[in-house]
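Here the structure is laid out as structure tokens; the discussion comes afterwards.
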Amino acid sequence: MNSATNSGRALPRAGWALVTPALGWTLLFFVLPFVAMGFSSLTAHDGGGFTLANYGQFFTNPAYWQAMVNSLQVTAIVTVVSVLLAYPFAWILAEQVPERWQRLALMLAVLPFWTSYVVRSYSWLLVLAQNGVINRALTGSGLFSEPLQLANTRLATVIGFVHFFVMLLTLTIFANLKQLSPSYRKAAADLGAGPVRTFLHVVLPLTLPGIMVGAFLTFVLCVGDYITPQILGGNNELLMPQLVMMQIGRRGDFPLASALSIILMAVVTIAYLACARWLKIERA
Amino acid sequence: MTINPNTPNPTTRKPLSVLKSHLHAACAATALLLATGSLAQAADLNALIWCDHADPALLQPFEEANGVKVNVKEFEGTGAGMAIVEQSQPGDWDVMVIDSIDIPRGVEKGLFEPLPDDKLPLADLFPQVKMDSYTVVDGKRYGITEKFGYNTIGYNKTKVDLADMQSLAALTGDKYKGKIAIYDYYLPVIGMAALAIGKKTTELTEADLPAIKQELLKMKANAKLVGEVTASQTALATGEVDILVGGGEWVTAGLAKENPALDFSIPREGAVLWSQSLAMFKDSKNKDTALKFIQYIMSPEGQARLATSACYWGMPANTKAALSDEQKKILRFDEQPDFLARAQPYPAPDADLDKKMQDVWTEMLQAQ
């Protein structure tokens with residue numbers, strides 16, 4: 001009895017000891033900064049007491065509101081395009097590439113991850129520039145007489161993002177496809193389903209969690225990214241992270257920057273809740 | 001192998017006691033690091049700077065001559081600089097580079113130490129850039145102009161009609177649509193828009209903002225991009241655009257060797273004069289070294305190095321700067337009296353007008 005009680009008490013203590021660093025880390029680097037940011041968002045830039053003016057400014061200034069619209073539009077386009085490109089890519093890797101080559105193929109697929117994010121964005125700027133590879137090819141081949149404006153546009157921002165997130169999504173979808181037992185497809189074939197029907201009614205629904213996890217990660221990383229739109233977008237439109245940075249870099253207005261960041265975080269939370277059904281880590 | 005009986009067996013130690021001893025070790029290591037860090041800090045000069053001061057060619061001669069290390073922290077814009085100061089402890093910083101027009105803001109916050117006029121080469125400065133109305137507050141000098149230049153029209157002279165570059169109207173006409181970049185800093189470009197509609201940069205009020213906004217929107221409609229220093233410089237240098245609104249010698253001079261076709265004009269309506277100053281912090285723990293640093297930067301040798309810094313070139317405030325003839329030619333040194341006569345200072349809005357100007361700028365950026 002005594003020994004059972006002792007071991008019953010010792011286990012939670014050991015458990016707490018193991019969990020404490022993670023809890024401490026979260027408390028120090030997430031909860032406390034978040035509370036500080038929330039508090040800051042409710043204060044005025046020039047001192048004074050409690051105010052909702054920072055939030056009011058976002059909802060009443062069309063230029064600020066437009067930044068959120070732009071962010072959501074770009075993020076939606078990037079997420080959809082990345083999924084559409086990554087799925088067939090992951091499928092080919094998982095189903096068509098021989099097992100012994102898969103590791104190498106995956107490594108090649110994620111090779112661009114090894115380059116600095118900033119360098120990669122500037123590289124795209126050079127590729128898409130008026131005198132860049134694409135425009136030279138288009139004008140040189142006679143398809144266009146004048147170079148197209150590709151750099152410093154929303155299209156450039158989307159291309160930069162998609163290049164990055166296709167790699168990420170490929171990994172999550174590939175992992176999901178590899179976990180799928182071949183028995184499902186065999187069962188579907190036994191029941192008379194053709195390849196297309198098997199894919200649409202068996203494979204796709206079963207790989208939906210992988211797609212949703214990747215899509216959610218894409219959404220979160222894309223909606224909060226500052227570098228890519230800043231380098232590739234040419235400031236021809238502002239996205240939310242750029243608007244946040246403007247408040248800090250230009251005016252040192254941390255309260256307004258905090259309010260904008262919390263609004264952005266609320267949007268991410270809504271996205272999470274929308275995807276929550278597929279994001280649960282469960283093992284049947 | 002012998003085992004000390006007093007040494008706890010690691011395999012039987014409780015996780016919490018292991019954690020506790022590791023925490024003690026970590027605390028001791030941190031304390032040691034902090035101690036050595038603060039010792040190092042006491043012998044260093046800590047400078048809040050713009051990127052031109054980060055050039056080793058500028059800092060090394062001072063460091064070697066005085067046996068100190070200059071620790072630099074780069075920032076862009078007075079707002080960002082002030083934010084860094086507000087988040088620092090008094091005494092963390094010794095000197096700061098700041099827009100000359102913003103020195104009164106720093107004085108108002110009680111940040112700066114008066115500088116001794118008799119120990120600075122004030123008589124050698126271009127008279128128009130001494131800017132005593134900003135650098136001297138209540139009879140005391142709190143800053144000294146070290147470098148200046150113009151936010152005006154930068155262009156590739158092989159791609160544009162030079163006569164067009166003599167008027168700001170070229171920026172809003174159809175002729176150069178899609179061939180223009182705008183420098184992404186609201187104050188000078190708003191100043192240029194004000195000049196274009198016949199307003200003086202020092203007399204701007206909230207009532208002028210609607211007309212200024214219209215002018216900015218016309219420029220934006222012609223622009224391919226709105227870029228910060230590197231992006232706008234690259235766009236002009238690579239031929240992505242032919243004209244840079246807000247450009248000047250700070251863009252063209254540094255690239256003169258690689259691209260001699262780049263140049264700038266001071267149009268009929270005028271240009272915006274930018275000028276940067278050095279100030280010393282009141283709470284500096286190294287005031288003697290800080291003053292030596294300011295004296296070095298203002299010396300003919302320091303001025304030449306600062307003027308031709310790797311990040312961007314600009315006119316030295318000291319007329320006796322030790323520049324070569326070629327460097328003077330690139331900076332158009334001899335034309336300065338005429339340029340200065342036609343230039344107007346940066347707009348210097350109060351906090352309320354500044355916020356409204358930034359909102360106008362944000363609306364311009366969002367405009368399609």
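Quick note: the coordinates plus some simple rules give every number you see, no bench work behind them. These figures come from a predicted structure and were not determined experimentally. Here the Cβ is made from the backbone with ideal geometry for all residues, glycine too, and neighbour counts use every protein chain on show.
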Can you work out ³J(HN,Hα) from phi for every residue in segment A:73-85, in order, using Karplus 6.51 cos²θ - 1.76 cosθ + 1.60 and θ = phi - 60°, giving whole Hz and x for Gly and Pro? 5, 4, 5, 5, 4, 4, 5, 5, 4, 5, 5, 4, 7
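For segment A:94-151, what is one quarter of the convex hull surface built on the Cα atoms, given in nm²? Can you show the working numbers first?
Numbers: hull surface 23.6 nm².
The Cα convex hull of segment A:94-151, projected and averaged over all directions, gives 5.9 nm².
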Which value at 222 nm does chain A reach when only helices count, each DSSP H run of 4 or more adding -39,500 (n - 2.57), with the total divided by all residues and rounded to the nearest 500 deg cm²/dmol? -24000 deg cm²/dmol
Report the percentage of all Cα-Cα pairs in the protein assembly as shown whose separation exceeds 45 Å, rounded to a whole percent. 34 percent
When averaged across all projection directions, what area in nm² does the alpha-carbon convex hull of chain B cover? 25.9 nm²
Across all Cα atoms of segment B:168-288, Rg and the largest Cα-Cα distance (Dmax), in Å, are 16.6, 56
For segment A:37-79, the fraction of alpha-carbon pairs in successive 5 Å shells from zero, as %: 5, 20, 19, 16, 17, 12, 6, 3, 1
What does the highest-first list of B:230-241, B:192-203 look like by mean Cβ count within 10 Å? B:230-241, B:192-203
Which residues' amide hydrogens lie under 5 Å from the amide hydrogen of B:S277, considering only partners 5 or more residues apart or on another chain, with H built in the peptide plane? B:I98, B:D99, B:S100, B:E146
Measure out, as a whole number of angstrom, how far apart the alpha-carbon centroids of segment B:281-340 and segment A:221-245 sit. 35 Å
Two decimals is fine: what's Rg over Rh for segment B:143-216, C-alpha atoms, Kirkwood radius as Rh? 1.00
For chain B, return all DSSP H helices satisfying: extent of Cα atoms along own axis at least 30 Å; mean Kyte-Doolittle hydropathy at least -0.5. B:15-42
Pull up all non-local amide H partners of B:S265: gap of 5 or more, or a different chain, and H-to-H distance under 5 Å with H placed in the peptide plane. B:I153
If each part is reduced to its alpha-carbon centroid, segment B:235-252 and segment B:190-232 end up apart, in Å, by 17 Å
Angstrom value of the Kirkwood radius, inverse mean 1/r, which spans all Cα pairs in chain A: 22.6 Å
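If you take the square roots of the eigenvalues of the alpha-carbon gyration tensor of segment A:145-284 and sort them as a ≥ b ≥ c, do you get rounded (a/c under 1.5), prolate (a/b over b/c) or oblate? Write out the running numbers ahead of the final one.
Values: a/c = 3.97, a/b = 1.85, b/c = 2.15.
Here segment A:145-284 falls in the oblate category.
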Compute the orientation-averaged projected area for segment A:1-160 from the convex hull of its Cα atoms and round it to one decimal in nm². 20.7 nm²
Run the numbers on chain B and let me know its relative contact order in percent, using alpha-carbon pairs under 8 Å that are six or more apart. 25 percent
What ³J(HN,Hα) values, in whole Hz, does the Karplus curve 6.51 cos²θ - 1.76 cosθ + 1.60 give for segment A:133-140 when θ = phi - 60°, with x put for Gly and Pro? 4, 5, 5, 5, 5, 5, 6, x
Sequence order, segment A:122-131: Karplus ³J(HN,Hα) from phi using 6.51 cos²θ - 1.76 cosθ + 1.60, θ = phi - 60°, Hz rounded, Gly and Pro as x, gives 5, 4, 4, 4, 5, 5, 8, 5, 4, 9
Show which lysines lie in cross-link reach of B:K218 when reach means a straight Cα distance below 16 angstrom and same-chain residues fewer than eight apart are skipped. B:K175, B:K177, B:K179
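Considering all alpha-carbon pairs of segment B:215-348, what whole percent are spaced by more than 20 angstrom? Could you put the intermediate results ahead of the total?
Details: 4890 of 8911 pairs.
Summing the P(r) tail past 20 Å for segment B:215-348 gives 55 percent.
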Taking every pair of distinct Cα atoms and averaging 1/r, then inverting, what Kirkwood hydrodynamic radius in Å comes out for segment B:57-156? 15.6 Å
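Nearest 5 is fine: what % of DSSP beta bridges in the protein assembly as shown come out antiparallel, could you say? Could you put the intermediate results ahead of the total?
Details: 28 of 45 bridges.
Counting DSSP beta bridges with both partners in the protein assembly as shown, the antiparallel share is about 60 percent.
Compute the normalised compactness of segment B:176-230: alpha-carbon radius of gyration over 2.2 N^0.38 Å, N being the residue count.
On the way: Rg = 11.5 Å, N = 55, 2.2 N^0.38 = 10.1 Å.
Segment B:176-230 yields a ratio of 1.14.
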